[in-house]
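Enquirer: Got a structure here, written out as structure tokens. Questions coming.
The values are calculated or read from the model by the stated rules, or taken from the named source; none is laboratory data. Note that this is a predicted model, so its numbers are computed, not measured. Positions of Cβ are generated from backbone atoms using ideal geometry, with glycine treated the same way; all protein chains shown enter the neighbour counts. Ligands, DNA and RNA are stripped out before the accessible areas are found, and what is left, the full protein with its side chains, is counted by its heavy atoms. Shrake-Rupley method; radii C 1.70, N 1.55, O 1.52, S 1.80 Å.
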Amino acid sequence: MAAKVVVVGGGIAGLAAAYRLRTLHPAAEITIIESAKELGGKLRTRELAGRSVDVGAEAFVTRNPAAVRLVEELGLTENLVHPVLSAATVRAAGRTVALPKRTFLGLPVSADEVRDVLSPDGVAKVAGERDLPPLHVEADPDAPDVSVGQVIGERFGRELVDRLVEPLLGGVYAGRADMLGLRATMAPLVGKAQTLTEAVGKVLGPPRQGTQPPVFGALRGGMASMVDELAKRAAARIRLGLPVRALTRTARGWRLEIGSAAAPEFLDADAVILAVPAPAARKLLEDEVPAASAAYGQVEVASMAVVSLALPPDAVLPESTGVLLAVGERHADGTPFTAKAFTFTSRKWGRADGEPVQLRASVGRYGEAEALQRDDDQLVAAVVSDLWELTGVKIAPVERIVTRWGGGLPQYGVAHTAAVASIIDAVNKMPGLAVAGATLRGVGIPATIDSANTAASAIGAYLTSRSGEISAPSGLVGD
Ligand SMILES: Cc1cc2nc3c(=O)[nH]c(=O)nc-3n(C[C@H](O)[C@H](O)[C@H](O)COP(=O)(O)OP(=O)(O)OC[C@H]3O[C@@H](n4cnc5c(N)ncnc54)[C@H](O)[C@@H]3O)c2cc1C
């Protein structure tokens, strides 16, 4: 009998895990159970003014090659696109200036990098970091982490945190620098050097000459093509609109309770891959893996919204890929901005003549739920007004989509690396169980794919180890 594996969650983590498992165990019976009505999770493509746009994740970094490799493996290389412009800007102290290029999440390789963004005092403070006593942050994931805002504020000055670090971290986590952990969010810098300035230099390496390799990739036609291809190649049974409500161990594996509480359905599996956000994982692991459940419970999540706008074809946006907003920026009349960042999609990825001009605004950060407590019309009006203030472009959108991502991004706080170590430790002790997803070791698409590959390999090895009981290893059966 073929091994039965259930993947809970049909976001990129669940889909990539199911696909990877299929390559490892071609004969396995894989089922993906997804509570929403469609696959993809935070990857969601919609039509806006006749063009496909991503209203969740829109791009992936290439520094971690996992996403590019998966795109190649899936035969989607023809759809892979890179930005046609790389000129981001930041609004700080009422001015919009170029985003410094040689920084790691806002930490500069030298004070010269940040001269246009910071005040002279702020630049002097940044310049002094390399002369401070060495910074020691324990590399051990169980050791206490330190807050990004606190350490960087003390060493580089609060201006750098507010004007560069927080806007950049906000883009990744929708988080606050004071709450996020240094080791959890800036791991490559930890243990690299005596000071953070030196560590950034080591991580970035010497400035490169000539044409730079692209930093980001995206998919023409949207992320949906990756979602669809993964679903196809995973050759899984896909069940949509059904939440998994409970997970219990049985003598042979796992039993899942799915569907509504009133009319539950039960499903038995030899193995389970749990690829759901932290609040759902906390609930599902509560009875059988309480230590992992408790650790998932420590991971807070931030809500945000993406406002996607199409402007008439003759609208002219600034010649940049977008603008990040520093902490505390205000309109000239003193009202705060609603958006925390704009991406000028048409500038960044290009557009054909005569097509509408596309852009999107991100709204909301951890602890700022009030920004989202407005209806769609109010949210659109607020970001249109922000756009006017920032760029002088005052044009009514021809179409818009407001996408709300409640609890969309996990917060990698100071207890995060310890929580993840506890999750992995507790889950590894449970035969036939693995976890994947953005809660673990990176929220971006590539890191999430890495977590899926790790989970699939663990379950693949488990199935192989039990092949005499539940199935023959891949390639030996013809069912
Ligand atoms: C607005 C936004 C923009 C982003 N932009 C980028 C970007 O440009 N680049 C980038 O690299 N990353 C980006 N990210 C981050 C990245 O998209 C996500 O971290 C990643 O896609 C998460 O994948 P996942 O599979 O772990 O989780 P999810 O995508 O959340 O998938 C989990 C799935 O599990 C389902 N589920 C939950 N509970 C249950 C249950 N009980 N039973 C069954 N199913 C359940 C959910 O419905 C969901 O579909 C962005 C995130 C957001 C929110």
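Enquirer: Just a yes or no: is a residue in the range 284-299 within 11 Å of the ligand (Cβ to nearest atom) and either over 30 Å from A27 (Cα atoms) or open to solvent by 40 Å² or more (accessible area, probe 1.4 Å) (or both)?
Expert: No: zero hits.
Enquirer: Quick check on my filter: what residues within the range 246-283 are more than 21 Å from G297 (Cα to Cα), part of a loop (DSSP other than H, G, I, E, B) and within 14 Å of the ligand (Cβ to nearest atom)?
Expert: Across the range 246-283, the qualifying residues are G259, S260, A261, P264.
Enquirer: Looking at (1) assigned to a loop (DSSP other than H, G, I, E, B); (2) open to solvent by 10 Å² or more (accessible area, probe 1.4 Å); (3) hydroxyl-bearing (S, T, Y), find the lone condition where S320 falls short.
Expert: So the condition that S320 fails would be (2).
Enquirer: State which residue is surrounded by the fewest Cβ atoms within 10 Å (Cβ to Cβ) when the search covers only the range 430-446 and only residues that are more than 6 Å from the ligand (Cβ to nearest atom) and part of a loop (DSSP other than H, G, I, E, B). First the steps, then the outcome.
Expert: If we filter the range 430-446 for residues that are more than 6 Å from the ligand (Cβ to nearest atom), which is where we start, we get 430-436, 439-442, 446.
Next, only the ones that are part of a loop (DSSP other than H, G, I, E, B) stay: 430-432, 436, 439-442.
Numbers: M430: 16, P431: 13, G432: 22, A436: 31, T439: 30, L440: 26, R441: 19, G442: 21.
Taking the candidates together, the pick is P431.
Enquirer: How many of the residues in the range 387-414 are under 30 Å from V151 (Cβ atoms) and part of a strand (DSSP E or B)? Spell out how you get there, then give the answer.
Expert: Step one: list which residues in the range 387-414 are under 30 Å from V151 (Cβ atoms), which gives 405, 407-414.
Among the residues that remain, those that are also part of a strand (DSSP E or B) are: 405, 407-410, 413.
Residues flagged as under 30 Å from V151 (Cβ atoms) and part of a strand (DSSP E or B) within the range 387-414 amount to 6.
Enquirer: Another question, then. Could you tell me whether any residue of the range 164-180 is over 23 Å from the mean Cα position of the chain (by Cα) and open to solvent by less than 40 Å² (accessible area, probe 1.4 Å)? I'd like the intermediate steps shown before the answer.
Expert: Let us first name the residues in the range 164-180 that are over 23 Å from the mean Cα position of the chain (by Cα), namely none.
The answer is no; no qualifying residue exists.
Enquirer: Here's another thing I want to ask about it. Is it the case, given these coordinates, that A305 is open to solvent by less than 10 Å² (accessible area, probe 1.4 Å), away from the ligand (no atom under 11 Å from the Cβ), in contact with a strand residue (DSSP E or B) (Cβ under 7 Å, 6 or more places away or on another chain) and farther than 18 Å from T448 by Cβ?
Expert: Numbers: open to solvent by less than 10 Å² (accessible area, probe 1.4 Å): yes; away from the ligand (no atom under 11 Å from the Cβ): no; in contact with a strand residue (DSSP E or B) (Cβ under 7 Å, 6 or more places away or on another chain): yes; farther than 18 Å from T448 by Cβ: yes.
Considered against the rule, which asks whether it is open to solvent by less than 10 Å² (accessible area, probe 1.4 Å), away from the ligand (no atom under 11 Å from the Cβ), in contact with a strand residue (DSSP E or B) (Cβ under 7 Å, 6 or more places away or on another chain) and farther than 18 Å from T448 by Cβ, A305 comes out as no.
Enquirer: Output the helices (runs of 4 or more DSSP H) that fall wholly within the range 66-165 and possess 2 or more residues being away from the ligand (no atom under 16 Å from the Cβ) and outside the structural domain of T197 (by TED's automatic domain parsing), or say none. Full working, then the answer.
Expert: On the way: elements: 66-73, 120-127, 148-156.
Hits in the range 66-165: 66-73.
Enquirer: Considering the range 234-280 alone, what residues qualify as being touching an Asp or Glu at 6+ places or on another chain (Cβ under 9 Å) and open to solvent by 70 Å² or more (accessible area, probe 1.4 Å)?
Expert: R237, L240, R245, R249, R252, R255, F266
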